[in-house]
1. Taking the criterion of being buried (at least 16 other Cβ atoms within 10 Å of the Cβ), among the β-branched types (Val, Ile, Thr) and within 32 Å of the chain's Cα centre (by Cα), would at least one residue in segment 330-338 satisfy it?
2. Take segment 363-411 and flag every residue that is surrounded by fewer than 22 Cβ atoms within 10 Å (Cβ to Cβ) and among the polar types (S, T, N, Q).
3. Please name all residue pairs, on different chains or six or more residues apart, with Cβ atoms under 6 Å, provided the first residue is in segment 473-501 and is acidic (Asp, Glu) and the second residue is outside any loop (DSSP other than H, G, I, E, B) and surrounded by 17 or more Cβ atoms within 10 Å (Cβ to Cβ).
4. Select from segment 418-464 the residues that are of a type in the set (Val, Ile, Thr) and outside any helix (DSSP H, G or I) and write down the one among them that is farthest from Gly501 (Cα to Cα).
5. For segment 345-354, state whether one or more residues are in contact (Cβ under 8 Å) with a residue 24 or more places away in the chain and crowded, with 21+ Cβ neighbours inside 10 Å.
6. State all residues of segment 116-127 that are in contact (Cβ under 8 Å) with a residue 24 or more places away in the chain and either among the small types (Gly, Ala, Ser) or in a helix (DSSP H, G or I) (or both); if no residue qualifies, say none.
7. Looking only at segment 69-109, count how many residues are of a type in the set (Lys, Arg) and either in contact (Cβ under 8 Å) with a residue 60 or more places away in the chain or farther than 17 Å from Ile48 by Cα (or both).
8. Evaluate the following for Ser191: is it of a type outside the set (A, V, I, L, M, F, W, C), modelled with pLDDT of 95 or more, touching a helix residue (DSSP H, G or I) at 6+ places or on another chain (Cβ under 7 Å) and open to solvent by 70 Å² or more (accessible area, probe 1.4 Å)?
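The values are calculated or read from the model by the stated rules, or taken from the named source; none is laboratory data. Here the structure is a predicted model, which is why all the values come from computation and not from measurement. For neighbour counting, all protein chains shown are included, and Cβ atoms are generated from backbone atoms with ideal geometry for every residue, glycine included. Accessible surface areas use protein heavy atoms only, side chains included; no ligands, DNA or RNA. Shrake-Rupley method; radii C 1.70, N 1.55, O 1.52, S 1.80 Å.
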Amino acid sequence: MQRHGGYVLVDTLIRHGVTHIFGMPGGQANAFYDALSQRKEDITHILIRDETTAGFAADAFSRVTGRIGVCDATVGPGATKFPSGLMEAFNSSVPILVLVSDHPRNSVLLQQYGRISQGGNQLDMLKPFAKETFHVPSIEMLSKVVSSAIHTAVSGRPGPVVVQIPQDVFQSTTELEPLSGTSNHPKFRCSAPESEIAKAVRLLTSAKKPIILAGGGVQLSQAYDEVAQLSDNYKIPAVTTLSGKGSVAETNDICLGVLGELGSPCAKTAADQADVILAIGYKHSQNSSYRWTWPRQDQKLIHIDIDPAEFGRVIHADIALWGDAREVLNQILAGLKSSNFQTSNEWLNVVKAEKEKWLQTRHLECYSKNNPIWPQAAVQAIADQLGENDFVTCDAGFSSGWAGGFLELKRQGRQILLPRGAAGLGSSLPFALGAAMARPGSHIVAISGDGAFSYNVGELATLKQLNLPIINVVFNNSVLSWSKWTQQLNFDGNNQSVELGSYEFGTIAESYGIVGENVRNIEDLGPILKRELAANRPSVINVYTDEWQSPSMPYREAMEKAKQGNVTSQAY
């Protein structure tokens with residue numbers, strides 16, 4: 001039977017396990033939308049209000065489900081909205097499939113300078129933030145190219161891919177059957193050489209002060225049980241990166257929380273004193289390494305990663321274990337069975353004492369009654385109301401720090417999304433949209449600052465149309481916090497273009513037909529959250545917060561020094 005390219009594409013996606021697509025239609029891809037309208041029982045298309053949202057939503061869907069996320073946009077101005085989401089996914093090793101339409105193949109001479117409406121070199125624009133880009137040359141190659149692109153995205157180190165499909169390919173017909181495959185990741189799980197595992201086991205069992213550092217690779221590999229076994233059975237203290245947050249339950253007394261400038265002081269103390277570090281799925285990024293000053297050369301590093309190019313790229317590993325995190329950890333656990341290794345009580349007592357000291361400090365901050373509201377107190381109010389299956393998404397900037405350092409996760413698993421790959425504003429609501437589609441029935445709390453929320457306030461229309469149970473909590477301090485703090489610290493308090501003005505986002509939400517609240521007293525926040533979680537509907541809670549609270553411990557220290565005299569080059 002002859003079928004046009006839209007049907008070939010949709011059937012290929014369905015046969016690879018794709019269930020959701022985030023995007024906005026355009027005329028060149030109408031055949032695609034024709035096919036989608038006929039297959040609504042098998043695949044759902046979510047109409048967003050800005051294509052930037054589609055990229056972030058597909059990213060979140062992929063992280064939460066362990067399957068590829070898919071987004072689409074029309075040629076030209078639609079495609080140009082994708083780099084922000086692509087950069088986040090690329091730097092965070094998240095597999096997403098970006099579908100962009102193109103003008104007919106015979107219009108190649110008309111693409112430049114707007115000779116043909118919306119024309120431009122969109123593949124070259126997207127290429128820097130994609131694992132690979134693909135152009136479909138014919139209807140006969142459509143299914144093959146899409147299948148290959150999905151395979152590329154979910155194999156090895158995962159990442160985003162882009163497929164460009166010309167209008168005439170969509171409209172052509174073929175009798176070829178679409179290909180089948182899988183979109184789960186990781187697609188292949190490989191083990192490390194046993195000789196290197198033996199070296200790692202010997203080094204680990206010789207440690208006096210070992211720690212586990214769980215990076216984002218633990219989440220991508222879903223190696224939760226293996227990390228828990230290693231930490232619990234052998235009493236090895238654990239810290240995580242922001243991307244790895246949730247790899248272990250943070251209520252465990254030897255889990256010290258997030259390591260890095262947006263993390264906890266007790267995690268830094270343990271990391272500084274450790275003699276052997278087992279880093280899992282960790283790329284030695286700026287925040288978690290305290291701007292590449294940690295680990296020190298006198299600390300031994302065992303590094304597990306799926307990408308061999310990571311070994312030695314930024315820091316030398318004493319033992320490099322190339323393989324899937326879950327498989328390699330199982331190898332290490334098997335190697336430890338014959339040993340009598342146990343972390344010393346002396347080291348555990350140090351770790352527990354440091355954590356207790358931080359918990360006392362954190363408790364005082366998180367239950368502050370100050371007005372304007374302290375953001376950490378607002379985070380605690382959220383944590384107090386969250387259920388077992390509820391989910392949190394965060395925006396970039398201080399929002400990631402408040403949730404990363406002050407929101408304690410009671411169980412292991414993917415419960416929170418923080419944008420650390422590109423750390424661009426405007427991701428919390430799109431992340432929440434993707435998470436809601438990935439986990440239907442779960443309540444989602446999306447935390448953002450007022451600057452970040454302004455990026456995609458129009459997506460409230462999407463939440464209203466779909467009636468998604470997403471609670472947007474906006475920390476409203478009327479400034480771009482990160483920029484204001486860095487200007488204040490580095491340039492003698494000469495602030496420029498950081499004052500946002502004050503807006504009632506709760507009232508704005510009401511104009512979209514969504515419940516909105518404007519909160520000025522911390523005592524009001526908990527009951528409102530409880531009510532909205534029970535109501536199972538979208539809402540916006542606008543919380544007026546103190547602009548001079550920071551989740552960054554180095555920033556706090558620098559600000560204290562600045563009050564006593566000039567301080568320069570403390571933050572950027």
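1. Yes, the conditions are met somewhere in segment 330-338.
2. Residues satisfying the conditions are Ser368, Asn370, Asn371, Gln385, Asn389.
3. Glu499/Val479
4. Narrowing segment 418-464 to residues of a type in the set (Val, Ile, Thr): 444-445, 447, 457, 462.
Filter once more, so that each one left must be outside any helix (DSSP H, G or I): 444-445, 447.
Details: Ile444: 28, Val445: 24, Ile447: 19 Å.
Filtering segment 418-464 for residues that are of a type in the set (Val, Ile, Thr) and outside any helix (DSSP H, G or I), the one farthest from Gly501 (Cα to Cα) comes out as Ile444.
5. Within segment 345-354, one or more residues are in contact (Cβ under 8 Å) with a residue 24 or more places away in the chain and crowded, with 21+ Cβ neighbours inside 10 Å.
6. Scanning segment 116-127 gives Ser117, Gly119, Gly120, Gln122, Leu123, Met125, Leu126, Lys127.
7. Here the count works out to 1.
8. Against the criterion (of a type outside the set (A, V, I, L, M, F, W, C), modelled with pLDDT of 95 or more, touching a helix residue (DSSP H, G or I) at 6+ places or on another chain (Cβ under 7 Å) and open to solvent by 70 Å² or more (accessible area, probe 1.4 Å)), Ser191 does not qualify.
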